[in-house]
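The structure appears right after this line, and notes come after that.
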Amino acid sequence: MNTTEISFQNMYSFLWEKLFCPETNLFYDRIGIGDDRFADLPCPEEIAKQFPNPNGWGTGMEDSSINGGHMLLTLSRLQALTGQDFSEECGKILAGIRLCESVHGRNGFLVRSVSHVDQKSCYFNSSRDQITMVVAGLYDVYKRIPTLPEAQRELIRTILREIAQYCGQTVTPENHYSYLRLDGGKALVSDLWDCDVHEMLRLPMIYAAAGEICEEEQFRLAALQYMEKGLQVSEKFAKEKYYWDFCLIQMQLSLDVLHQCDFLAVYHERIGRLMDNVGFAANREFCNVLTRCENYTGDWNVYNPDWRTLPMRVTAMTLKETPHNAVFDSYTYLNPVYIPEFAVIVEYQRGLGNYLTAALLAKSLSVAKEDYERFLAFLNRQDFSACTHAGPFSLLHAFALGKELF
């Protein structure tokens with residue numbers, strides 16, 4: 001086994017052995033010190049009070065849906081590369097996504113995560129990014145793994161159908177095109193239309209994926225209703241600007257799904273050009289972050305303290321309407337503040353993988369082979385068996401994509 005294969009195996013093993021919970025079939029965001037790796041995650045009593053915030057931000061269970069989507073996207077590429085059957089692993093991830101989408105009884109509302117303690121408690125807020133990553137992952141494994149068992153394919157159709165139906169009922173002008181909260185209240189980071197340039201194709205992507213996979217005309221028509229305006233706004237994307245890594249990976253994944261949908265063929269040329277612009281911006285930031293990673297001399301395997309012991313900061317966006325009131329639609333949004341040594345390694349590793357993935361998904365390759373080789377060299381210097389956080393999800397996804405191209 002060469003060093004690249006060892007690096008891949010170390011990342012893959014860490015994610016399944018340390019972040020995956022078999023009771024919920026979910027990947028959590030980090031581990032705590034000690035034998036009980038999930039001891040620092042919120043307990044049901046804290047979740048019931050939506051403490052410290054209705055997103056679960058900063059607690060270690062804010063991005064299980066994103067993590068599951070990343071792994072589905074990775075497995076679909078790995079199966080094509082290796083010929084290995086990943087249907088058992090896909091089945092576990094699909095069960096976790098199904099839990100997030102149905103445990104609360106409002107099927108189609110995808111929560112960020114579910115408590116490992118009682119397998120039912122969840123925070124009220126989702127986000128555009130959770131939905132985008134899950135829908136893209138479901139679409140990808142359905143299309144790329146034809147040997148997926150029929151029971152899993154039917155589950156994918158069910159989840160996509162229910163998410164699209166929920167959006168049809170909830171993401172409406174009356175609700176300002178918001179996905180809302182699980183309890184029907186105002187939500188942060190959940191607007192799916194009339195939003196920023198990099199977010200405008202999320203809603204048609206959801207409908208398009210459901211229309212293509214479920215073969216239902218109502219969803220194809222819903223996607224077409226939003227495509228032209230969504231593309232016009234998205235085409236204002238300025239590739240010279242800086243974009244956060246989550247912005248670029250989510251935009252590129254939305255575009256990638258839309259580009260694969262046969263019923264949207266009339267838009268494919270424009271989508272392809274836009275994917276190249278996103279790839280250009282992503283490649284520039286990938287190179288910047290790669291250099292920072294190569295020059296970083298700190299510890300890559302720092303543990304973040306229990307979030308309950310950290311200082312907390314009010315989420316600034318909750319103060320926009322009422323600058324002198326920290327309560328936003330009945331809830332406070334307190335964010336535990338990571339220690340700097342932990343924050344930097346999460347930002348660097350997650351950003352490195354997300355930027356590279358977004359760049360590699362472009363239709364015209366902008367990533368230089370020597371930069372991908374630098375990326376592999378960086379991975380080979382890491383001890384992922386001692387990792388403490390979810391950064392390897394994006395690194396593994398980028399690794400798999402790069403192996404297809406180089």
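Every number in this text was worked out from the coordinates using simple rules, so none of it is lab data. Source: prediction; values computed, not measured. Positions of Cβ are generated from backbone atoms using ideal geometry, with glycine treated the same way; all protein chains shown enter the neighbour counts.
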Worksheet item: Tell me, in nm to one decimal, what length is gained between Asp35 and Arg313 on full extension, where the rule is 0.36 nm per residue of separation less the Cα-Cα distance?
Response: 97.1 nm
Worksheet, complete the sentence: Listed by chain and number, the residues whose amide H is under 5 Å from that of Val314, excluding neighbours fewer than 5 places away on the same chain and using placed H, are Asn335
Fill in: For the chain, with +1 on Lys and Arg beta carbons and -1 on Asp and Glu, the positive-most of Gln169, Gly108, Ala386 along the dipole
Gln169
Item to complete: Identify, among Phe406, Leu99, Ile159, the residue whose Cα sits farthest towards the positive end of the charge dipole of the chain, taking +1 on the Cβ of Lys and Arg and -1 on the Cβ of Asp and Glu, with the dipole about the Cα centre.
Response: Phe406
Worksheet entry | Proxy reagent accessibility, fewest Cβ within 10 Å first, across Ile93, Ile213, Ile249 | Ile213, Ile93, Ile249
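Quick one: dipole size for the range 3-405, taken about the Cα centre, charges +1 on Lys/Arg Cβ and -1 on Asp/Glu Cβ, in debye to the nearest 20.
It works out to roughly 500 debye.
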Discussion item. Could you list Val257, Val103, Val135 so that the one with the fewest beta carbons within 10 Å of its beta carbon is first and the one with the most is last?
Written reply: Val103, Val257, Val135
Worksheet item: Relative contact order (percent) for the range 112-160, with alpha-carbon contacts under 8 angstrom and 6 or more residues of separation?
Response: 24
Worksheet entry | Within a Gaussian network of the chain (alpha carbon springs, distance under 10 Å), most fluctuating of Arg157, Arg128, Arg270 | Arg270
Worksheet, complete the sentence: With the charge dipole of the range 18-103 built from beta-carbon charges (+1 for Lys and Arg, -1 for Asp and Glu) about the Cα centre, the Cα from Cys43, Cys90, Met61 projecting farthest to the positive end belongs to Cys90
Worksheet entry | At q = 0.10 Å⁻¹, base-10 log of I(q)/I(0) for the chain (Debye sum, equal scatterers on each alpha carbon) | -0.63
Practice prompt. Just subtract the alpha-carbon distance of Lys241 and Asp118 from 0.36 nm times their residue separation and send over the number in nm, one decimal.
Written response: 39.9 nm
Item to complete: Calculate, for Ala377 and Gln218, the FRET efficiency according to 1/(1 + (r/R0)^6) with r their C-beta to C-beta distance and R0 45 Å; round to the nearest 0.05.
Response: 0.35
Response to the item:
Stretched fully, the stretch from Thr82 through Asn295 gains (0.36 nm per residue minus C-alpha distance, one decimal, in nm) 73.4 nm
Item to complete: Just tell me which lysines come within less than 25 Å, Cα to Cα, of Lys49; anything on the same chain fewer than 8 places away is out.
Response: Lys120, Lys186, Lys320
Worksheet item: When only C-alpha pairs under 8 Å and at least 6 residues apart count, what is the relative contact order of the range 3-405, in percent?
Response: 20
Worksheet, complete the sentence: Dividing the helical contributions, -39500 (n - 2.57) per DSSP H run of n ≥ 4, by the residues of the chain yields a 222 nm value, nearest 500 deg cm²/dmol, of -17500 deg cm²/dmol
